[in-house]
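The values are calculated or read from the model by the stated rules, or taken from the named source; none is laboratory data. Just so we're clear, the structure is a prediction, and the values are computed from it rather than from any experiment. Here the Cβ is made from the backbone with ideal geometry for all residues, glycine too, and neighbour counts use every protein chain on show. Quick note on the areas: whole protein, heavy atoms, side chains included, nothing else; ligands and nucleic acids left out. Shrake-Rupley method; radii C 1.70, N 1.55, O 1.52, S 1.80 Å.
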Amino acid sequence: MQAAADVPRTPDAFHSYDPRIVPIADRVLAGQRLDFNDGLALYSSPDVLAVGWLANYVRERLHGDVTYFNVNRHINPTNVCVAACKLCAFGRKKGDPHGYTMALEEAWQTAASGYSEAVTEFHIVGGLHPDLPIEYFLDLVRGLKQRFPKVHIKAFTMVEVAFLARRAKLSIEDTLKKMREAGVDSMPGGGAEIFSARVRSIICDHKIDGNEWLETARLAHKMGFKSNATMLYGHIENDEDRVDHLLKLRAVQDETGGFQTFIPLAFHPENTPLDHLPVTTGLTDIRQIAVSRLLLDNFAHIKAYWQMLTPKIAQIALRFGADDLDGTVVEEKIYHDAGATTPQGMTRKELCRLITEAGRIPVERDTLYHPVTRTEDSFTVVV
Ligand code: V47
């Protein structure tokens, strides 16, 4: 029998019974860009295996079998939020008995707790608190940098940056400058939701609009920050909204090159005002990964965030276009408040097992995708 590594992954092996996919395949195999209508065809084709084959082809062209993961810790300093987004089960109004705001000391202790292997990244996001001044967030980051100088700080979504700027009466650029001086190294991809104004006005009408999210990302990238990008799917959006979202991200990426990773996020309806909506199915999740890989030809990485997809679907996604699983996370609040049944965290060993059993090669990375080598309790970033 032929060893898996020797099985040819040639364009000749492609086949689809959907005639709409054949010309799309020709373009993908020739390295050409897909357009809006191609995106719609990929979302609606019954031949999801052909869509997945193409996405996997692109993924292997970019990364071979390498699959990335990191050792990170999430910190959510507050869940108090002025917005009342229908998509969210995490935010609480000021005065709500389930609201919390960490004292700085508590946030720094949280950073050090819960996992024995040294983390390479703190992922920090939280609510839009009506009273906390920008100095709270800058002190939080400064304190983390003092205590954990080797750890990359990926903090504050474009929504939080824009909110803190407005509250502090600063420009976005000056706000980002202060964040950089305090020790923010890059930004996570949250808050993008879906850019369609029609959908946004229903699921998150208190947030900055899609253009402001994109403009904030553009400014951050122009100042040298790398960031991620997300899309929330599986609620009231349609295929046109999804393709529109992906192509808007692609256009900004053409300009700035500042996005590292795209992370499709499946909507979890439990405990939200949209709890009458069904959860996404496995096939929708897998197809979303594949279409993202095919449309976002200028994004290096597509992340299958295991916390949101479940480890089993995330593992399958590694054969449908994804090359990254995210990380150990340690403690996750946003999805678990919305009914996620996934574990709170995973060890390096568990992540490596998922990747290896998918026939891929696990590579621990830092936030900027440099390989990490480690002994049990310390790490070195290979640049
Ligand atoms: O911005 C909120 C989404 C995001 C729900 O950049 C929900 O590496 C589903 O952005 N159901 C936060 N989704 C998570 C996020 C993220 C996660 C992992 C890695 C990275 C990265 C970013 O979660 C929010 C929002 O889009 N969200 N509530 C919900 N009920």
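Within segment 298-342, considering only helices (runs of 4 or more DSSP H) that don't extend past its boundaries, which have at least 3 residues that are within 13 Å of the ligand (Cβ to nearest atom)?
On the way: elements: 306-309, 311-317, 334-337.
The helices (runs of 4 or more DSSP H) meeting that bar are 306-309, 334-337.
The residues on offer are 157, 120, and the sole one that is touching a Phe, Trp or Tyr at 6+ places or on another chain (Cβ under 7 Å), of a type in the set (Ser, Thr, Tyr) and within 16 Å of the ligand (Cβ to nearest atom) is 120. Only one of the numbered conditions (1) surrounded by fewer than 16 Cβ atoms within 10 Å (Cβ to Cβ); (2) part of a helix (DSSP H, G or I) is violated by residue 17, and that is (2).
Test residue 277 against the criterion of being more than 13 Å from the ligand (Cβ to nearest atom) and either out of contact with any Phe, Trp or Tyr (no Cβ under 7 Å at 6 or more places or on another chain) or assigned by TED's automatic domain parsing to the domain that holds residue 200 (or both), and give yes or no. Taking the combined requirement at face value, the residue does not satisfy it.
The residues of segment 282-331 that are touching a Pro at 6+ places or on another chain (Cβ under 9 Å) and charged (D, E, K, R), listed by number, are 285, 303. Number of residues in segment 44-68 that are of a type outside the set (D, E, K, R), more than 18 Å from residue 262 (Cβ to Cβ) and within 22 Å of the chain's Cα centre (by Cα) equals 1.
Do the conditions hold for residue 269, that is, is it within 13 Å of the ligand (Cβ to nearest atom) and either hydrophobic (A, V, I, L, M, F, W, C) or under 18 Å from the mean Cα position of the chain (by Cα) (or both)? Walk me through it before giving the result.
Numbers: within 13 Å of the ligand (Cβ to nearest atom): yes; either hydrophobic (A, V, I, L, M, F, W, C) or under 18 Å from the mean Cα position of the chain (by Cα) (or both): no.
So residue 269 fails the test.
Residues that are within 13 Å of the ligand (Cβ to nearest atom), open to solvent by 20 Å² or more (accessible area, probe 1.4 Å) and within 30 Å of residue 374 (Cβ to Cβ): does segment 164-182 have at least one?
From segment 164-182, those within 13 Å of the ligand (Cβ to nearest atom) are none; that's our starting set.
So far as segment 164-182 goes, no, none of its residues is within 13 Å of the ligand (Cβ to nearest atom), open to solvent by 20 Å² or more (accessible area, probe 1.4 Å) and within 30 Å of residue 374 (Cβ to Cβ).
Scanning segment 68-110 for residues being away from the ligand (no atom under 16 Å from the Cβ) and crowded, with 22+ Cβ neighbours inside 10 Å gives a total of 1. Please give the number of the condition residue 292 fails out of (1) surrounded by fewer than 23 Cβ atoms within 10 Å (Cβ to Cβ); (2) of a type in the set (Ser, Thr, Tyr); (3) within 16 Å of the ligand (Cβ to nearest atom). Of everything listed in (1) surrounded by fewer than 23 Cβ atoms within 10 Å (Cβ to Cβ); (2) of a type in the set (Ser, Thr, Tyr); (3) within 16 Å of the ligand (Cβ to nearest atom), residue 292 misses just condition (1).
If the requirement is being on the phi > 0 side of the Ramachandran plot, in the same structural domain as residue 368 (by TED's automatic domain parsing) and touching a Leu at 6+ places or on another chain (Cβ under 9 Å), which of these qualifies: 163, 156? Don't jump to the end; show me each part of the working.
Details: 163 fails: on the phi > 0 side of the Ramachandran plot.
Exactly one of 163, 156 is on the phi > 0 side of the Ramachandran plot, in the same structural domain as residue 368 (by TED's automatic domain parsing) and touching a Leu at 6+ places or on another chain (Cβ under 9 Å), namely 156.
Going through (1) within 16 Å of the ligand (Cβ to nearest atom); (2) within 26 Å of residue 369 (Cα to Cα); (3) aromatic (Phe, Trp, Tyr) one by one, residue 137 falls short only on (1). Within segment 249-260, the residues that satisfy the criterion of being in a helix (DSSP H, G or I) and buried (at least 19 other Cβ atoms within 10 Å of the Cβ) are 249, 250, 252, 253. Here residue 317 does not qualify as in contact (Cβ under 8 Å) with a residue 60 or more places away in the chain and either open to solvent by 10 Å² or more (accessible area, probe 1.4 Å) or assigned by TED's automatic domain parsing to the domain that holds residue 119 (or both).
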